[in-house]
Ligand code: HEM
C-alpha cells in the first residue's frame, strides 16, 4: 500500500511535528475556519472569536490529544484501520461527530505542516500526507453505517 518514499515522507515529517504546538494550531484552525464545528465543543468554554479560540487551554489540550492519536497511525502505517478502530467507534457511537469533519481537520493539518516546513513540504511530501490523511479519515469513518 505504501512505497518506501511515502513511508519516509510521512515519518520524517512526523519527526518534526510538535504534538502540543501543532495540535493546538490545527484544532484552532478547524474551529475558526469551519465555525460550525464548534458545536461539538460546547464544553470548551469561550470560542467566540479567533483570539478566544487560539487562547483556549482546552482547545490546546485537545489538539495535542488528536495529534497524539494520529501518531499511533504514523507508527502503524500498515494497520491504520485497526489502530484507529476504537476512536472510530467513539466518534460514531458516543460523540456523534459527522465524519466529514475528519477531512476538515486533515485539511488544516496540511496547512499547518506546509507553514512549518516551507520549501521542504514538496509536492511529493504533500502527496504522501494527503494519502496518509485519506487512509486515516477512512479508518476513523469505518464505524459509521
Ligand atoms: C475526542 C482523536 C477529529 C470531535 C477525541 C479523542 C481523541 C480524538 C484521541 C479523545 C478520546 C478519549 O478521550 O478517549 C481524533 C482524531 C481526529 C479527530 C485522530 C482526526 C484526525 C475530530 C473532529 C471532531 C472531533 C474533526 C469534531 C469536529 C471530538 C470530540 C471529542 C473528541 C467532541 C470529545 C472531546 C471532549 O469532550 O473531551 N478525538 N479526533 N474529533 N473528538 Fe476527535
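Read-outs throughout are calculated quantities, based only on the coordinates presented, and are distinct from any laboratory measurement. Nothing here was measured: the structure is a model prediction, and the numbers come from that model. In this analysis, Cβ positions are derived from the backbone assuming ideal geometry, glycine residues included, and neighbour counts consider all displayed protein chains.
For segment 24-59, a tally of residues being more than 10 Å from the ligand (Cβ to nearest atom) and either touching a residue at least 40 places away in the same chain (Cβ under 8 Å) or in contact with a helix residue (DSSP H, G or I) (Cβ under 7 Å, 6 or more places away or on another chain) (or both) returns 14. Scanning segment 1-23 for residues that are without any contact (Cβ under 8 Å) to a residue 40 or more places away in the chain and over 18 Å from residue 67 (Cβ atoms) returns 3, 4, 8.
Inside segment 86-125, residues that are under 18 Å from residue 136 (Cβ atoms), in a helix (DSSP H, G or I), within 9 Å of the ligand (Cβ to nearest atom) and without any contact (Cβ under 8 Å) to a residue 60 or more places away in the chain make up a count of 8. Scanning segment 67-77 for residues that are under 15 Å from residue 140 (Cα atoms) and either surrounded by fewer than 19 Cβ atoms within 10 Å (Cβ to Cβ) or touching a strand residue (DSSP E or B) at 6+ places or on another chain (Cβ under 9 Å) (or both) returns 68, 69, 71, 72, 76, 77. When 9, 28 are screened for being within 26 Å of residue 98 (Cβ to Cβ) and surrounded by 14 or more Cβ atoms within 10 Å (Cβ to Cβ), only 28 passes.
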